[in-house]
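Structure first, then comments.
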Amino acid sequence: MTNDNTTHFGFKQVPKADKVALVRGVFDSVAGQYDIMNDLMSLGIHRIWKRIAVQLANVREGDHVLDLAGGTGDLTLLFEKRVGKSGQVVLADINSEMLRTGRDRLIDKGITGNIRYAQVNAECLPFADNTFDCVTIGFGLRNVTDKDAALRSMYRVLKPGGRVIVLEFSHPIDPVTEKVYDFYSFNILPKIGAVVAKDEDSYRYLAESIRMHPKQDELKQMMENAGLERCEYFNMTQGIVAVHRGYKF
């Protein structure tokens, strides 16, 4: 159980004031091997999940997109092609190492004209009201200390008619998948992290953080509480991942 002063960091209870630094330590550690680990962890399926999330965002040429927890830039890269030269994507992350990795990756690909970068906390976004046509957060909401505050902040910076897209690991919808997924997450995944990223503890935290994330219906309700309307979710890979979508009217 949490109280007003504590929150979860994986399965551990920690002071709320400490969580940002603890999460930063995890992603500072894994930033250099993040893309390789994503491919290994998901057998490459994360690329399909991200493409589906981008399709559900319905981004068009000229739109302005905020890609929170943008990390190494996978979603930004996909959105950049859709918004075109007249649009803009802001790649944002609270972690400087992840942001630097994403920036360097996109620059190496020659993508510079319609991309901006911002180191921000999703709970208190430093953008004006009604700025973005789409706000997305991919595999990052579970690491936010105050998820309700983050959703309210996303709603505030969203233009009327805009949409929030939350792509996140979720909860399997059948018991067989759940058992297989649990075995993989707690027995295989940390060992892969130990070999590839030289960091078993960070990948054990990532597995634990997924289990502590709100279930699909609970997150949908949280989005509605933040002011978003027509909220819905789409399960992928038997609920291992879900895309939540809500609109501002």
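In summary, VAL196 fulfils each of the numbered conditions (1) free of Cβ contacts under 8 Å to residues at least 40 places away in the same chain; (2) out of contact with any Phe, Trp or Tyr (no Cβ under 8 Å at 6 or more places or on another chain); (3) open to solvent by 10 Å² or more (accessible area, probe 1.4 Å) with the single exception of condition (1).
For ARG163, the stated conditions do not hold, so it cannot be described as in a helix (DSSP H, G or I) and either surrounded by 15 or more Cβ atoms within 10 Å (Cβ to Cβ) or in contact with a Gly (Cβ under 8 Å, 6 or more places away or on another chain) (or both).
Results for (1) farther than 19 Å from LEU141 by Cα; (2) of a type in the set (D, E, K, R); (3) open to solvent by less than 20 Å² (accessible area, probe 1.4 Å), shown as yes or no for each residue.
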| position | (1), (2), (3) |
| --- | --- |
| ASP63 | yes, yes, yes |
| VAL90 | no, no, yes |
| GLY110 | yes, no, no |
| GLY113 | yes, no, no |
| CYS124 | no, no, no |
| PHE127 | no, no, no |
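Applying the condition of being touching a strand residue (DSSP E or B) at 6+ places or on another chain (Cβ under 7 Å) and within 23 Å of GLN119 (Cα to Cα) to the range 47-56 and asking which residue is least open to solvent (accessible area, probe 1.4 Å) yields ALA53.
The condition (being of a type in the set (A, V, I, L, M), out of contact with any Pro (no Cβ under 9 Å at 6 or more places or on another chain) and outside any helix (DSSP H, G or I)) is satisfied by just one residue among VAL89, VAL54: VAL89.
In the range 225-244, the residues that are hydroxyl-bearing (Ser, Thr, Tyr) form Cβ pairs under 9 Å with partners that are open to solvent by 70 Å² or more (accessible area, probe 1.4 Å), at six or more places apart or across chains, as follows: TYR233/ASP217; THR237/ILE48.
A quick yes/no check of all residues on (1) surrounded by fewer than 17 Cβ atoms within 10 Å (Cβ to Cβ); (2) assigned to a helix (DSSP H, G or I):
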{"position": "ALA150", "(1), (2)": "no, yes"}
{"position": "MET154", "(1), (2)": "no, yes"}
{"position": "PRO172", "(1), (2)": "no, no"}
{"position": "LYS179", "(1), (2)": "yes, yes"}
{"position": "PHE183", "(1), (2)": "yes, yes"}
{"position": "LEU189", "(1), (2)": "no, yes"}
{"position": "ARG204", "(1), (2)": "no, yes"}
{"position": "ALA207", "(1), (2)": "no, yes"}
{"position": "GLU224", "(1), (2)": "yes, yes"}
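The values are calculated or read from the model by the stated rules, or taken from the named source; none is laboratory data. Remember, predicted model here, so these are calculated numbers, not experimental data. Neighbour counts are summed over all protein chains in view; Cβ atoms, including those assigned to glycine, are modelled from backbone coordinates with ideal geometry. These accessible areas exclude ligands, DNA and RNA; they are computed on the full protein's heavy atoms, side chains included. Shrake-Rupley method; radii C 1.70, N 1.55, O 1.52, S 1.80 Å.
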